[in-house]
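Scroll down for the structure; my scribbles are underneath it.
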Amino acid sequence: MASFTLNGQATTADVDPAMPILWVVREKLGLNGTKFGCGIAQCGACTVHLDGQPVRSCSTPIAEAEGRAITTIEGIGGPEGELTAVQQAWVSEQVPQCGYCQSGQIMSATALLRDNPSPTDAQIDAAMAGNICRCGTYTRIRRAIKVAAGQIEPRQEEA
Ligand code: FES
Ligand code: FES
């Protein structure tokens with residue numbers, strides 16, 4: 001049995017304490033926005049926040065979340081589904097291609113901007129280095145982070 005907060009809700013799960021957080025949230029609790037990529041903490045597709053810090057949920061046992069707060073991609077917006085600045089920028093900059101890596105990318109970007117609201121290119125690259133995108137959306141990811149940070153204007157939709 002594990003007890004933790006999941007996206008603001010007190011939650012218990014009857015699972016092996018060694019089960020990775022990824023499988024608890026996806027298979028036991030039905031939140032499938034968090035993706036399985038490599039399973040060995042190398043790609044970042046499974047990134048969630050644990051007490052606000054990005055962690056690789058494929059390689060972090062649920063025991064580490066005991067009494068702590070897990071936040072998944074489903075939990076970062078407002079209570080009525082309002083998008084965060086990062087999510088809005090992902091839309092305006094049309095970041096995703098296949099989309100598979102993007103919830104992990106957004107979780108890493110969200111943590112970066114909370115800790116550093118005006119990151120430089122080098123700081124963006126360093127913070128996002130652990131999130132791999134097989135579609136190669138890196139340029140748009142960097143641009144969206146700058147839009148969300150208010151450093152540049154979002155692209156306008158074409159009329
Ligand atoms: S699935 Fe967790 S880092 Fe790749
Ligand atoms: S958008 Fe396809 S893997 Fe990143």
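The values are calculated or read from the model by the stated rules, or taken from the named source; none is laboratory data. Keep in mind that this is a model prediction, so the values were computed, not measured. Cβ atoms come from the backbone with ideal geometry, glycine included; neighbour counts cover every protein chain shown. Only protein heavy atoms, including side chains, enter the accessible area calculation; ligands, DNA and RNA are left aside. Shrake-Rupley method; radii C 1.70, N 1.55, O 1.52, S 1.80 Å.
Condition check ((1) within 16 Å of ligand 2 (Cβ to nearest atom); (2) of a type in the set (Gly, Ala, Ser); (3) touching a Phe, Trp or Tyr at 6+ places or on another chain (Cβ under 7 Å)) across all residues:
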residue: THR60; (1), (2), (3): no, no, no
residue: GLU66; (1), (2), (3): no, no, yes
residue: VAL86; (1), (2), (3): yes, no, no
residue: GLU93; (1), (2), (3): yes, no, no
residue: LEU113; (1), (2), (3): no, no, no
residue: GLU153; (1), (2), (3): no, no, no
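Looking only at residues of the range 18-52 that are part of a strand (DSSP E or B) and open to solvent by less than 30 Å² (accessible area, probe 1.4 Å), we find that the one that is nearest to ligand 2 (Cβ to nearest atom) is THR47. Only one of GLY81, GLY37 is on the phi > 0 side of the Ramachandran plot and either at pLDDT below 95 or within 15 Å of ligand 1 (Cβ to nearest atom) (or both); which? Going through GLY81, GLY37 in turn, just one is on the phi > 0 side of the Ramachandran plot and either at pLDDT below 95 or within 15 Å of ligand 1 (Cβ to nearest atom) (or both): GLY81. Scanning the range 87-110 for residues being within 18 Å of ILE132 (Cα to Cα) and surrounded by 19 or more Cβ atoms within 10 Å (Cβ to Cβ) gives a total of 13. Summed over the range 120-145, residues that are farther than 19 Å from GLY99 by Cα and open to solvent by less than 50 Å² (accessible area, probe 1.4 Å) total 2.
Of all residues in the range 49-72, those that are at positive phi have Cβ atoms under 9 Å from Cβ atoms of residues that are among the aromatic types (Phe, Trp, Tyr), 6 or more apart or on another chain, in GLY67/PHE4. Among the residues making up the range 127-159, those that are of a type in the set (Val, Ile, Thr) and either at pLDDT below 95 or over 17 Å from the mean Cα position of the chain (by Cα) (or both) are THR139, VAL147, ILE152. Of GLU64, GLU74, all but one fail to be farther than 22 Å from THR137 by Cα and out of contact with any Lys or Arg (no Cβ under 8 Å at 6 or more places or on another chain); the exception is GLU64.
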